[in-house]
Every structure is written in C-alpha cells, then in structure tokens.
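Here the structure is laid out as structure tokens; the discussion comes afterwards.
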C-alpha cells in the first residue's frame, strides 16, 4: 500500500519552527502580526489561533528533535503463516482413443484451518464471456468450449452470463464436498475434449490437488499416462522430449483465463536452440486448448530435446505428452526451475533402462556428477560417474539397468562446487516384461515435499508404490492414506529414512477401502525429503506404469507483520 503523500505548503519552512519562533506555519498568522480589528469576537479568534500555532510549533519542534520510539518487540516478529484461500490448477486435454479412458481425481487433505466453508470443482476449461474486474486463476465458466482439431485453437466460448469465480458452475465435471475425502469422475470422452480447470476456495483450498490418469490398451499408444495438474503460469521446462522416428510428442496448451495468451515454444537439441518461426507467437484464446505436435515446430528428427514453454502475455497451463510407439507413453512432468542440483526420485527396482537428458543455459557449460540414492545413501554408478553439457545444448547419458534390482533416486550436481551452473534434467525409465513388452515413464527434477505434499488416484490391492528419498540428513516421514472415494477409514504410518537414502514401500491403504484414495506425505524431522508415487497396472503382460512426484502443496503463505509508526509523517 502506498504511503500517503505529504506536501509542504507554499512558503513553509523545511522544518517546523521551534516554540516562540516567528514566521508562518500551515497558514497560521505570525506571532508578531498586526492586531485584529475589534468587534464581533475577532480579537478572541485571533488569540486562539495564535495559541494553537504556538502549541503545534512546540509539539512538532520536539518531534523533529527526537527519534521515533523503537517499535515493540512483538512488532519485530517475523512473518506469520496463513492458509491460502483459493487454489487453482489446469489439467491438459485428456487422451482419447478407441480404448482410452481418462479419470480426474480431486482431493484436499484435512487440516486445522478455521475456514468453515468453501467449494471445489473441476470443469471444462472456459473463461467468462465478460472478463471480471480481477482476472481469475483458472476460473471456469458454465459454458465449455468446442475445441478444434489437433494443432488448432478451440473456439472461445460464445457470449454467456458471467459466473462467480468462487462458485462451482452448474456443469462442473465433479465437485468436492469436504476435506479428507477424494472425488473422481471421467473426463470428457471425445477426441476434441478440452483441458480442464480445477478450483478450490475456503476450507478446500489448502493442499487441493488434482490427478489425471489415462489407460490406453490399443497397440498404438499402449500404456498408462498420469499427471498432477499444475497451476497456470508463464514458464514451463520439460526434458526428455523427442522428434525421432516412432515418437509422437506434443505440447498441450490450455488457457482457462479470461484473456488471450501468446506463447513461444523453444526447443533445444544437441546443437542448441532450434529456430523455427512456427514455434513463436502461438495465440491461445480464452477458454481454449491447443495441441502442438513437436515435429511441426522442429527441423528434422532430433533424438533428445529440452522444451521451454514461455507465455509472453497471459498465462497458460502447459503439459508435454510423449509416446514411443508400442514401447510406452506417459506425460513428461514439468521440471523444477533451472538449478545447479536436480533430484529425480522414483526409479523402480526393475528398471530395464534409464535415459538421462540434461540442458545447460547458453551462458555456461555444465559439468555434473551423477549419483544414485540407494538404501544406504548416495553412491556413484560405475561407468556413469559424470556428464558434460555444452552451453545452450542438451546432453544425454544411457544408464542402462542402473538400479540393479534396488529402488533409487537420481541426482545431478556440480562436479566443482565453485562452478554451479543451473540446469534442467529429466529421466526416461523403462520397465520390461519377460516377453519383451514394455512401458515407459518420465521423471523430472523436483523440489522437496516440504511440510506436506499429496498425490491423488491411488488404487487398492497393491498397484501403488511410494518412493521416499532423503537428500540430506536422516528423516522421519508421516504417510497418510485418506478415505476412499466410496468409503474407508484413513490410515497413517511413520517411515524412517537414512541420510541420503531411498526407501520404497507399498502405499498404505485405508481400512475398508472402497474406490481410489489419496496419499499425503509430511516431513516430521530431518531431510529434506523428495517423494514420488508409482502406479502400476499390468495389462496383458504389459507392465504399464506411471510415476508422479509429490511437491510441497504450499497450503500456507507468509504474511508480513505490520506495526504503527507515527514517525513516518516526519520522514
């Protein structure tokens, strides 16, 4: 908030006069001014004004000579934490096909918040026809868009009555009734289905999360694809894309805002930035979705790519899907922002192949050491100790069966602590059955779970595995399985992690589980801790699986302390 502006009146001195000084102050008559004319009380009025001027001069003169009193100790307290009151996320266009099916699952963990009300919902991404005074973050309207074919923008919604951005629209795909119980519903079953917008307010906002899961059983695109929906933003990094033969990779752009967005998609390969005018200035209309095939904005076949989606105006939700013929398919998660160290949790014990992709900025090369976190701590894999990345390019390392029948997390960090170069990293992981059939998942550099993180859409009967990696000191973690979508009693378990070690455990399940459920991870002590959930659903001897990292749900925000300071008027 701006401080009020105080302006010195014309002719006023730079400092307030001391008591008894002559001259004018704020227009008051001078001490030695001529006497006022008699009659009608004029003399009394003049004397009263003179007395007031003398008193004010004395007060402000003393104030000018004394420094303001120091604020009380409580005023110096650090910022306090307050629960968020609104959370929004954007999900990409659901995958469809002859045998494809996509589900959306929303969940808010129970908390100690004081909010007594709120609402949560998921609806097809569309913005109000009349923009509100304050642009909402992912607020859907009651009218879903009618998307066009792949690569072309969907039509913006026709004129419709504006809706309350904090109230679920009448045609919401699902609504969340209360914290602690997940809700699931199918996504739109259409090849032209748009992305979706998810919003939670009040008591449902802190920790609100949405997971989108797709099962495809036809030969082309066979596999399990999962993604945790992310907030709309202006920049997203992905590592592990490709335009090689057999690959069908595309970027999904969803604009759930009330204004258009203009997006650039930058592709980096082993020779640097791939210039292509078709990748710049992509307009995404309000309430619309686009799928952009990477071969249409690349030049020829490039085996390994880093992708940077930048919204030069507006905000979008961005996601990258990768499909490698019948070898596997999944969503490539957005990487953490470029940083000297990147940690990727979630390598299963039966990893058949691991393919590391790292991008370095144009300003500097990166020399990185590669480490694995096993059951006893960090170690360097034999034959894959390091990777060198030239400035502005992508470098890769084929790690093979790097886990050797043990679960692990992977870390890349500067070989020389005095030369930290911020990088983006991704890891393709393949699992194969004895018959040679396989599926793939992509991991990305991720941030620690922090105080609390949640992933929805876990299935009962053993398909969900939780990977926990303590990147620093030994840690204690609390894992809570929520009630199911159709019933069940939550269950909690504490897990001890060695310093630098990784532990994998079958996800705890609620008692009397009915339906799918959510997993919440809380750091009790030590750490920091990174986490990932693997959902594995075999189909006809194909080891279909998907891996999602758990990230701090940022259910609280820091609110700075404010205190009164009368001295501000004199500064």
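The values are calculated or read from the model by the stated rules, or taken from the named source; none is laboratory data. Bear in mind that the values here come from a model prediction, so they are computed numbers and not experimental data. Using ideal geometry, Cβ is built from the backbone for each residue, glycine included, and neighbour counts are taken over all protein chains shown.
Data overview
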quantity	calculated
Verdict on residue 500 being modelled with pLDDT under 95, not in a strand (DSSP E or B) and not assigned by TED's automatic domain parsing to the domain that holds residue 370	no
Residue match in the range 556-567 (condition: at pLDDT 95 or above, within 26 Å of the chain's Cα centre (by Cα) and assigned to a strand (DSSP E or B))	no
Strands (runs of 3 or more DSSP E) wholly inside the range 229-305 containing at least 2 residues that are touching a strand residue (DSSP E or B) at 6+ places or on another chain (Cβ under 6 Å) and in contact (Cβ under 8 Å) with a residue 40 or more places away in the chain	235-241, 250-255, 261-269, 282-284, 288-293
Considering residues of the range 385-396 that are crowded, with 17+ Cβ neighbours inside 10 Å and free of Cβ contacts under 8 Å to residues at least 40 places away in the same chain only, the residue nearest to residue 238 (Cα to Cα)	389
Scan of the range 446-466 for residues that are assigned to a loop (DSSP other than H, G, I, E, B) and more than 19 Å from the chain's Cα centre (by Cα), ordered by number	459, 460, 461, 462, 463
Residue ID - nearest to residue 330 (Cα to Cα), chosen from residues in the range 202-224 that are within 17 Å of the chain's Cα centre (by Cα) and assigned to a strand (DSSP E or B)	212
Tally, over the range 367-396, of residues that are in a strand (DSSP E or B) and under 21 Å from residue 500 (Cβ atoms)	12
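So that you can scan it fast, the table gives a plain yes or no per residue for (1) without any contact (Cβ under 8 Å) to a residue 12 or more places away in the chain; (2) in the same structural domain as residue 293 (by TED's automatic domain parsing); (3) surrounded by fewer than 24 Cβ atoms within 10 Å (Cβ to Cβ); (4) under 23 Å from the mean Cα position of the chain (by Cα):
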position: 328; (1), (2), (3), (4): no, yes, no, no
position: 346; (1), (2), (3), (4): no, no, no, yes
position: 350; (1), (2), (3), (4): no, no, yes, no
position: 369; (1), (2), (3), (4): no, no, yes, no
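Quick grid of which residues meet (1) touching a residue at least 60 places away in the same chain (Cβ under 8 Å); (2) within 26 Å of the chain's Cα centre (by Cα); (3) assigned to a strand (DSSP E or B):
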residue: 476; (1), (2), (3): no, yes, yes
residue: 480; (1), (2), (3): yes, yes, yes
residue: 493; (1), (2), (3): no, no, yes
residue: 518; (1), (2), (3): yes, yes, yes
